[in-house]
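A short write-up of the structure that comes next.
The values are calculated or read from the model by the stated rules, or taken from the named source; none is laboratory data. What you see is a predicted model, and the numbers here were worked out from it, not measured in a lab. So basically every Cβ, Gly included, is an ideal-geometry build from the backbone, and we count neighbours across all protein chains shown.
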Amino acid sequence: MKHDLASKLLRSGEISRRDFAVKTASSLLGVGLLGNSLTSKSFAAFEGSSKLRQAATAKNVIYLYMSGGQSHMDTWDVKEGVETAGPTKPIKTSADGVRISEYLPNTAKHMHHGTILNSLTSTQGAHEQGNYMMHTSYELRGTIRHPAMGAWLNVFQGGGNSTLPNFVFVGNDSRHPGAGFFPAAQAPLFVSNPENGLKNIKNSQPEKLQARMTLADELDKDFRATFPHRNVKAYADMYDDAMTMMKSEDLKAFDLADEAPDVRAAYGKEAFGQGCLLARRLVERGVRFVEVSLGGWDTHNANFVAVPERCETLDKGLSALLNDLHLRGMLQDTLVVVTTEFGRTPDINQNVGRDHYPKAFSAVMFGGGVKGGFVYGKTDKEGREVIEDKIKIQDMNATIAFALGLPLDQVIYSPSKRPFTIADKGQPLTSVFA
């Protein structure tokens, strides 16, 4: 009925398609799309956003976040013959001319599927601020919370499974920005321990629960009518979504016990590896954006003890994930991203550690339409300065959005009437795509 009415209004010219989109976004999201009453000052806030468009090369994203600041010097951008290199040595990979750290031997076998970004740079040198910018493209402010990429994907495209959340975060990082200024329905489902799955999700007395929900709905009816605020609606929608998920047959995706023991072992016994396995199971069932966090990269002390340990965990989980996705024919549609908030200093400190270094660092992308066996950007021989193809955080996020076919210049207003785009003024790295 609503669809028919909308079609009639659009055909009759009573409202424009743009006005219809604005009204729809305002009512469904509690936010607004770009309207016709912007001032020149408003336009200046987003006039540099990319207008590039492409058919999506990726349907899903598995986002592996190395919390704490991963050392680029000891992982993806290893140097030789200089003091800053330390004891870390580069090794050959499955891609001609591409070398990575000796601490990632299994991942080295999959570099023909991936692109290394060796020229990232950030303006944020503290953990919370760097984490926030990497996830949102914006600086951390006390007055507003910006959405993470998974929330933008929800708003622009929605998900592929109507009974499961479209956005899932696996880990214990409480600093995740979540839905930002979007309604709570766009926030990720947080899974702290992939081994435990979703606890207490099955209800043994569905009739009693339904009766209680009906009674609660009746009691809340007057309150909702008196206060038709988006947060009130979001609170009610949260219960509806939870009820739908409780009845879903796809909840079995969260039960890793369904996997063969040898498959689980391949990912590693740590929570990160099992989180990567959970990510594959969720993407397989239509969940569009899954983030898995691996902490412990804040290596001010004993860098060359901690990094090999962290890399062993990353190497098992990442290589098993890439192998699994490839064998199942899913890697071409799934963009796997490995990133962090900043790098570590080329200089080794008195505690045999590396300190915060936002000036130059690395990330990696696999599958999802990116080139295989490709290195984008370059730092100098000591890893201090970006000397080719500098990448701002906004550019990297624009590249992820570009792969998903999201509109980089589409403006959405926050509830405070401020205009925002998905990656601020970031420009996608089109040359990394095959």
- Report yes if some residue within region 66-85 is modelled with pLDDT of 95 or more and more than 30 Å from Gly295 (Cβ to Cβ); otherwise report no. yes
- Message: Cβ-Cβ distance below 9 Å, separation of 6 or more or different chains: which pairs start in region 171-191 with a residue that is on the phi < 0 side of the Ramachandran plot and end on one that is in a helix (DSSP H, G or I) and basic (Lys, Arg)?
- Response: Pro183/Arg230; Pro183/Lys233
- Which one of Ser162, Ser174 is within 24 Å of Gly405 (Cβ to Cβ), among the polar types (S, T, N, Q) and surrounded by fewer than 20 Cβ atoms within 10 Å (Cβ to Cβ)? Ser162
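This table checks each residue for (1) among the basic types (Lys, Arg); (2) crowded, with 19+ Cβ neighbours inside 10 Å; (3) closer than 27 Å to Val352 by Cβ.
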residue	(1), (2), (3)
Tyr65	no, yes, yes
Gly69	no, yes, yes
Thr107	no, yes, yes
His127	no, no, yes
Asn131	no, yes, yes
Ile144	no, no, no
- Message: If I go through region 411-431 residue by residue, how many of them are surrounded by fewer than 17 Cβ atoms within 10 Å (Cβ to Cβ) and at pLDDT below 95?
- Response: 4
- Item | Single residue of region 74-95 satisfying the filter (out of contact with any Ser or Thr (no Cβ under 9 Å at 6 or more places or on another chain) and within 17 Å of Lys378 (Cβ to Cβ)) that is surrounded by the fewest Cβ atoms within 10 Å (Cβ to Cβ) | Gly81
- Note on the structure: Among strands (runs of 3 or more DSSP E) completely within region 40-136, the ones holding 2 or more residues that are hydrophobic (A, V, I, L, M, F, W, C) and within 15 Å of Leu314 (Cβ to Cβ) are 60-66
